[in-house]
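Heads up, the thing below is written out as structure tokens.
The values are calculated or read from the model by the stated rules, or taken from the named source; none is laboratory data. A quick note: this is a predicted structure, and the numbers were derived from the prediction, not measured. Side chains included, ligands, DNA and RNA excluded: accessible areas come from the protein's heavy atoms. Shrake-Rupley method; radii C 1.70, N 1.55, O 1.52, S 1.80 Å.
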Amino acid sequence: MTATLENKNSAQNHSIYDVIIAGAGPVGLFLACELALAKCSVLVLEKAENPQSPLKQLPFGIRGLSAPTIEALYRRGLLEELEIHKHLKNPHQNAGTGARRQVGHFAGIPFYEGDIDTSQWKYRLPGSTETSLISEIEELETVLGRRAEALGAEIRRGFAITGFHQNGEGVTVQAGDHSFKGKWLVGCDGARSAVRKAGGFEFAGTEPEFTGYSTRIDIADPEKLKPGRNVTSTGMYLQSQPGYVMIQDFDGGAFHGSEKPITLEHLQEVLRRVSGTDVTISKLHIATTWTDRARQATTYRNGRVFLAGDAAHIHAPLGGQGLNLGLGDAMNLGWKLAATIREKAPESLLDSYFTERHPIGVHVLDWSRAQAAIMGPEPGARALNAIVRDLINTRDGATYFAGRVWGINTHYDLGGDHPLAGYSVPNFELEDGTKIGELMHDGRGILLDFNRNASLKSLAGEYQMKYVSGPAKEQLGLSAVLIRPDGFIAWASDSDPDYGQLQKAAARWL
């Protein structure tokens, strides 16, 4: 049975979809946007019937968006649709830290705006997007879902994937009694991914040190808990605002792994033990658990099946880097899969998804493990915490940690001799005031020619690239830049272009 016969009310009907995406979270929806932008037929299957959940809303669903994510949303005209960051400051910001503006943390150790030397980030031009912003999961899903559907993607809720089988032509996906056919399948279905499990992907990594709790509670005697983040001899608790408490209990992840219900009595016992007080919880409104388990798929592809987001990698949500890592996966995979489907690129282009994104995942998982290692209550962890705190309190240290947390120096090894190759393109402003990011809404590759070279214009036409010419207000000494659809630089030249190298880069990526 085909998808056409199973849903007569669907806005679109396809006997075979170009891509089926499992999961309608931010990663799956952003991937759907990228594919639909390139005129691919897309079906998103989401197991939850209702996308709304208290755990997706502030403050539970709050997430910090990093520089690569902000740039990606900006380059697709989506950033302007996000509203929360325009009037909301991080509710954790300045909690118990005085008047200095906290802009991030590492393992709970804050760094501050005035301590960061942005001049060390030489490729971030005036007029670039923000380095970090606040959003929430629900807002992202609303904006991305609206855009995906406007571009023609189908989103069907209440369809939990139970299995699939593939051959050389495509993938048949089972969702209960329903069957759907697609040329490709992408699992964006979270940490317990059904696609990953059914596809036999190895998920290697390390076990947790703690169970984390995010809670909204009523406390009879709130004065017994200190505001802000507090490390104790048995764990850590954070009271960011009245009634919202986060706890880390270094139990080796035992309670989270038990999948027992979170009762008021259990939570009160944990909070009393970790805080060292006899605080009383009078009402439990909502609570969820999480851990610092860190695992990553050893490959992101099995034939016609891919993994992205938490389906491909999990780690502690410290610093909110998991969402950003997943959205980066979607931006990287989307244009490559679309180019393959539209027969504008060989299937070998898809191999670069794993070679580029897996190392980024490795770095983020190690960053998460490092935070867990210095947050423990034992003397060794305390000693390491004190040393890292001293480093963060220096100008170079604050700049380094901010750059890592915000993804400022995200880089792909694309080969080539130019130091900018593999980095996100600076947001060049042209003479007429147009910025390069504003020209990327259609998802096409761009040949940016500052010197109006007729030969470059001809080559752009040959490869069906968007050709943009003319000087910029700040060119960083460059004469021409080849920009991939995801905004990363595939080739750059400071002087007369080497046409052979440019053609090689264009053939590889475009």
How much length would be gained if the chain were fully extended between GLU438 and LYS224, taking 0.36 nm per residue of separation minus their Cα-Cα distance, in nm to one decimal? 71.9 nm
How much solvent-accessible surface does ARG404 expose, in Å² to the nearest 10, with a 1.4 Å probe and all protein chains in place? 90 Å²
First compute the accessible area of the chain with a 1.4 Å probe, then give the percent of it belonging to carbon and sulfur atoms. 49 percent
Convert 37 °C to kelvin, take the viscosity as 0.692 mPa s, use the Kirkwood radius over C-alpha pairs of the chain as Rh, and evaluate the Stokes-Einstein diffusion coefficient in µm²/s, rounded to a whole number. 136 µm²/s
Treating the angle as unsigned and between 0 and 90°, give the value, to the nearest 10°, between the Cα long axis of helix 395-405 and the longest Cα principal axis of the chain. 70 degrees
Mean-position separation - Cα centroids, segment 229-297 and segment 323-373, in angstrom: 33 Å
Figure the gain on full extension for GLU202 and ALA150 (residue separation times 0.36 nm, minus the Cα-Cα span) and round it to one decimal in nm. 15.1 nm
How much area per residue is accessible in the chain when the probe is 1.4 Å and only protein heavy atoms are counted (Å²)? 42 Å²
Reported to the nearest 10 Å², ARG369 has, with a 1.4 Å probe, an accessible area equal to 80 Å²
Applied in sequence order to segment 146-153, the curve 6.51 cos²θ - 1.76 cosθ + 1.60 (Karplus, θ = phi - 60°) yields integer Hz couplings, x standing for Gly and Pro, of 4, 5, 4, 5, 5, 7, x, 6
How much of the DSSP bridge set in the chain is antiparallel, in percent, rounded to the nearest 5? 75 percent
Using the Cα gyration tensor of segment 466-510, with a ≥ b ≥ c the square roots of its eigenvalues, what is the shape: rounded (a/c below 1.5), prolate (a/b larger than b/c) or oblate (neither)? oblate
